[in-house]
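The values are calculated or read from the model by the stated rules, or taken from the named source; none is laboratory data. Computed from a predicted structure; not experimentally measured. FYI the Cβ positions are ideal-geometry reconstructions off the backbone, even for glycines, and counts take in every protein chain you see.
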Amino acid sequence: MKALHPFERLTPHHVMDAVCALGLALDGRITSLSSYENRVYALPQEERQATVVAKFYRPKRWSHEQIQEELAFAAELVEQEVPMVAPLVLKGETLHGLVLPPLSADEAHDAEGTQRGEDLDFWFSVSPARGGRLPELDDEEVLEWLGRFIARLHAVGQVKSFVTRPALDVHTHGWRPRDFLLNKFDIAPRYKKAWSELTQEALERVEKAFAFDYQKIRLHGDCHAGNILWTPLDKEGVGGPHFVDLDDARMGPAIQDLWMLTGGHGQEQYRSFSALLEGYESVREFDRRELALIEPLRTLRMIHYSAWLAQRMGDPAFERHFSWFATEQYWQEQLVALSDQMERMQGPVLYV
C-alpha cells in the first residue's frame, strides 16, 4: 500500500497551531504560496500586525545543522545590510520543530509500511512577508543593480565557509544524480543506454572545465529571476531587489549566482553579462576564468534537475506539477537537449 507522505498530514490547522505556539496572534486566514520543494504559507496577524510567512522544510532534505547554516547566513546578510528576508527570532530561536499528533486509525491503515516518528516531523521558520515583482532582466540598469547586489552577497559569503551544507560541484550535481537515475530509477529502456553514454561524456567534459583553482564561496545557489523580488523606490529612495530564499545555498564558484540571470546567446548574452559584471565589479573582484563554467554549470543543472524530479515523485503535489516527467517523450527531449548542450560546451567561451 502507498505510504502516506508527510506533506499529506500537514494541515492548515497544524500550521497555524505551530506558529501561534511561538507567540504570534494570527487572524485565522492562511494562504498557500508558490513553493513545491517546501510548503510555504502566508499568515496575517490580528490587529493589523504585519503578515508573516511560515516555511515548512521538506523532511529529510536538509539536516537541522544544514538549515541552521542557511538561517545564519541570512542573518549575516541582514547584519551587513544586504537586502535579504531573514527569519524572525521567536522564543529565542529562528528554527523550530513541529511534531504532528499520532496517526488516527484510518491514517495508520493508509500509511501501512510508513516509518513513524521522524518521518512525520517538520523543521520550520517564520519570516516577515515581503512582496515585489520579478526584475526586468532586459533592462541594463536593472542588471547592473543586480550585479552590485549579488557582489554584496558574495562579499559576505567569502568571509567564512559552510561546514555541513554540501558544495555545488561535479560530484554533487553531476555524477551522484546520474548514478541515482541509472541505478535506482526506471529511465525509459529505449533511451537509457544513450542517456548513460551522453551524460558520461558530458560530465567528463564538465570535469575538465572545473580543473582550475577557482575560489569557493557561500552562494545563494539558485539565483534566477524567480528568487529575486523587486520593489519600486519610495520617497526615501528605499527599494530595489531583495532575496527571499536561501534554500539552495552552497559553496561554489561566484559565476553560479550570475549565469541564470542572463539569457540567449551571442550578442544578447554578451550584453547581459557586460551589464551584470559592470555592477558586480564595482563592488567585488570577479575572476573572468569562471566565464568558462557557464555552460558546464548549465549541464550540471539539467542532470541534477532530472534526479531532483525523480526523487520527489511520492509528493502528493507531484502529479499536478510534473505530470510530464519520466515519459518516453521526456527522455527523448533530454537526449536532444543534452546533445545541444554538448555543442555549447565545445563552442567558444563567452568573453566579456
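Some notes on this structure:
One line per residue, one yes/no per condition, for (1) within 22 Å of His304 (Cα to Cα); (2) of a type outside the set (D, E, K, R); (3) modelled with pLDDT of 95 or more; (4) part of a loop (DSSP other than H, G, I, E, B):
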{"residue": "Arg165", "(1), (2), (3), (4)": "yes, no, yes, yes"}
{"residue": "Leu182", "(1), (2), (3), (4)": "yes, yes, yes, no"}
{"residue": "Lys193", "(1), (2), (3), (4)": "yes, no, yes, no"}
{"residue": "Thr199", "(1), (2), (3), (4)": "yes, yes, yes, no"}
{"residue": "Val206", "(1), (2), (3), (4)": "yes, yes, yes, no"}
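Here is a yes/no grid of residues against (1) in a helix (DSSP H, G or I); (2) under 29 Å from Pro59 (Cα atoms); (3) among the aromatic types (Phe, Trp, Tyr); (4) in contact with an Asp or Glu (Cβ under 8 Å, 6 or more places away or on another chain):
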site: Phe124; (1), (2), (3), (4): no, yes, yes, no
site: Gly131; (1), (2), (3), (4): no, yes, no, no
site: Glu144; (1), (2), (3), (4): yes, no, no, yes
site: Phe149; (1), (2), (3), (4): yes, no, yes, no
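- Filtered by the rule that a residue be free of Cβ contacts under 8 Å to residues at least 24 places away in the same chain and either of a type in the set (Lys, Arg) or farther than 16 Å from Tyr305 by Cβ (or both), region 332-345 gives a lone residue, Glu343.
- Scope region 39-50; condition closer than 15 Å to Pro87 by Cβ and at pLDDT below 95; matching residues: Ala50
- Residue in region 21-37 that is modelled with pLDDT of 95 or more, in contact with a helix residue (DSSP H, G or I) (Cβ under 6 Å, 6 or more places away or on another chain) and more than 25 Å from Arg250 (Cα to Cα) present: yes
- Within region 32-107, strands (runs of 3 or more DSSP E) holding 1 or more residues that are in the same structural domain as Asp17 (by TED's automatic domain parsing) and surrounded by 20 or more Cβ atoms within 10 Å (Cβ to Cβ): 39-43, 52-56
- Scanning region 32-75 for residues that are among the acidic types (Asp, Glu) and farther than 17 Å from Thr164 by Cα yields Glu37, Glu46, Glu47.
- Annotation note: of Ile303, Ile294, the sole residue that is surrounded by 13 or more Cβ atoms within 10 Å (Cβ to Cβ), assigned by TED's automatic domain parsing to the domain that holds Phe149, in contact with a Gly (Cβ under 8 Å, 6 or more places away or on another chain) and at pLDDT 90 or above is Ile303.
- Tally of residues being farther than 15 Å from Arg301 by Cα and among the acidic types (Asp, Glu) across region 209-266: 5
- Of the candidates Leu77, Leu71, Leu98, the single residue that is farther than 23 Å from Arg218 by Cβ and touching a residue at least 12 places away in the same chain (Cβ under 8 Å) is Leu98.
- Region 313-352: number of residues that are in contact with a Phe, Trp or Tyr (Cβ under 8 Å, 6 or more places away or on another chain), surrounded by fewer than 13 Cβ atoms within 10 Å (Cβ to Cβ) and in a helix (DSSP H, G or I): 2
- Residue list for region 237-281, restricted to those being in a loop (DSSP other than H, G, I, E, B) and either touching a Gly at 6+ places or on another chain (Cβ under 8 Å) or surrounded by 15 or more Cβ atoms within 10 Å (Cβ to Cβ) (or both): Val244, Asp245, Leu246, Asp247, Asp248, Ala249, Arg250, Pro253, Leu258, Thr262, Glu281
- Residue selected from region 208-232 under the condition assigned to a helix (DSSP H, G or I) and within 19 Å of Val244 (Cα to Cα), by the criterion farthest from the chain's Cα centre (by Cα): Ala225
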